[in-house]
1. Taking the range 69-91, which residues are more than 12 Å from LEU198 (Cβ to Cβ) and at pLDDT 85 or above?
2. Looking only at the range 9-34, how many residues end up being surrounded by 13 or more Cβ atoms within 10 Å (Cβ to Cβ) and either farther than 18 Å from VAL89 by Cα or aliphatic (A, V, I, L, M) (or both)?
3. Which members of the range 210-223 meet the condition of being outside any helix (DSSP H, G or I) and surrounded by 18 or more Cβ atoms within 10 Å (Cβ to Cβ)?
4. Under 6 Å by Cβ, and 6 or more places apart or on different chains, what pairs join a residue from the range 66-79 that is assigned by TED's automatic domain parsing to the domain that holds HIS103 with one that is among the basic types (Lys, Arg) and modelled with pLDDT under 85?
5. Looking at the range 153-162 only, could you name the residues that are of a type outside the set (Val, Ile, Thr) and either outside the structural domain of PHE235 (by TED's automatic domain parsing) or assigned to a helix (DSSP H, G or I) (or both)?
6. When you go through LEU250, LEU202, LEU184 one by one, which is the residue that is at pLDDT below 85 and farther than 30 Å from ALA307 by Cβ?
7. It is to be established whether one or more residues within the range 268-279 are over 30 Å from GLY149 (Cα atoms), out of contact with any Asp or Glu (no Cβ under 6 Å at 6 or more places or on another chain) and not in a helix (DSSP H, G or I).
Amino acid sequence: MINGYRRKDDALVGTPDATGNGVIWIDVLRPSEEERASLSELIGLTLPSRADQEEIEQSSRLYLDGGVPVMTALLPARSDQKEPVTGPVTFVLTQDRLITIRHHDPRPFTTYPPRAGRSGGDCATADAVLIGLIEEIIDRLADITEQAGQEIDLISRRTFQSEDGAKHNDHRGTLRQIGLNDGLLMQLRESLLTIERLTGYLAPVLDNRKTDKGLRDRLKTQTRDIRTISEQAGFLQQKTGLLLDATLGLINIEQNAIIKIFSVAAVAFLPPTLIASIYGMNFTHMPELQWRLGYPLAVILMIASAALPMWYFRRRGWL
């Protein structure tokens, strides 16, 4: 699907003629081979296929094709769901148009067009649209990082709550939430790394194109913002590691407590078992078998032999 956007006041609006005159941004979503070939012919360079976009070498993600920068970054989508996805998005910056190629639906591509000219700059040129779109992407990554931080803080409060509070024993659910948040943070850090490389590659390109200094300053600010978000994501990932260790430690403590109870019970019932075993033997000469008070005495002896170890364990603080 090929979507074209024209500038209208402080926004970008879609147009039926996606590749016509006045189109400043061409957004290509899940292109077919025919659409990719026709668009490549229109702009005069070969657009990367999905296999090309998924290459991990930096030379395959950031390069010049006939003097036109072709830049690919990884962006997350569906980050507010249980199974977020990360996919490549390619930005092709010609003199008068920005072309984006993607195979998933990151939210900035929906939220940016209505407010393209309201984010501290205009959307009159392809350079300005790209800078504004990158800014929207960074804002979205910051929101995802903040949301992940709130989730991790909630897990932390449940994990380290006071003893007199409500007990939270759903360690399986806690481990699942820690894993989901840690996976999301890994995707965020990978995405931030690719965007930081993209902005670093884009900066000299804009210098050579003699782009407006205000746009270049905005790009420098975005690079600093990316590093700040990366540091925050790294801190949160360290926190998920601490929470994982703490949760596993609590699981071990609970298991040890259960094993301790069984161990104490086994020790407490050993003397009564011994007494019962002695008087369960079938020897002919056992004088106690003839006592009138032999049975109650044996019962009392078994109870006392079980109670004394329990009293001792409680006194030592083992129970």
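The values are calculated or read from the model by the stated rules, or taken from the named source; none is laboratory data. Just so it is clear, the structure is predicted and the values come from calculations on it, not from any experiment. A quick note on method: Cβ atoms are made from the backbone with ideal geometry, for glycine too, and the neighbour counts reach across all protein chains shown.
1. Going through the range 69-91, the residues more than 12 Å from LEU198 (Cβ to Cβ) turn out to be 76-87.
Answer for the range 69-91, where residues must be more than 12 Å from LEU198 (Cβ to Cβ) and at pLDDT 85 or above: PRO76, THR86, GLY87.
2. Total meeting the criteria: 13.
3. Filtering the range 210-223 down to residues outside any helix (DSSP H, G or I) leaves 210-212.
The one that is outside any helix (DSSP H, G or I) and surrounded by 18 or more Cβ atoms within 10 Å (Cβ to Cβ): THR211.
4. Short answer, once both residue conditions are applied: THR72/ARG61.
5. Our first condition is that a residue be of a type outside the set (Val, Ile, Thr); within the range 153-162, this holds for 153-154, 156-158, 160-162.
ASP153, LEU154, SER156, ARG157, ARG158 - these are the residues of the range 153-162 that are of a type outside the set (Val, Ile, Thr) and either outside the structural domain of PHE235 (by TED's automatic domain parsing) or assigned to a helix (DSSP H, G or I) (or both).
6. Working: LEU202 fails: at pLDDT below 85; LEU184 fails: at pLDDT below 85.
Just a single option satisfies the conditions, and that option is LEU250.
7. Of all residues in the range 268-279, those over 30 Å from GLY149 (Cα atoms) come to 268-279.
So of that shortlist, the ones also out of contact with any Asp or Glu (no Cβ under 6 Å at 6 or more places or on another chain) come out as 268-279.
Still in the list and also not in a helix (DSSP H, G or I): 279.
There is at least one residue in the range 268-279 that is over 30 Å from GLY149 (Cα atoms), out of contact with any Asp or Glu (no Cβ under 6 Å at 6 or more places or on another chain) and not in a helix (DSSP H, G or I).
Per-residue answers, yes or no, for (1) closer than 20 Å to ARG7 by Cα; (2) among the hydroxyl-bearing types (Ser, Thr, Tyr):
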| residue | (1), (2) |
| --- | --- |
| GLN58 | no, no |
| GLY66 | no, no |
| PRO76 | no, no |
| GLN95 | yes, no |
| HIS104 | no, no |
| TYR112 | yes, yes |
| ILE131 | yes, no |
| ILE134 | yes, no |
| GLU151 | no, no |
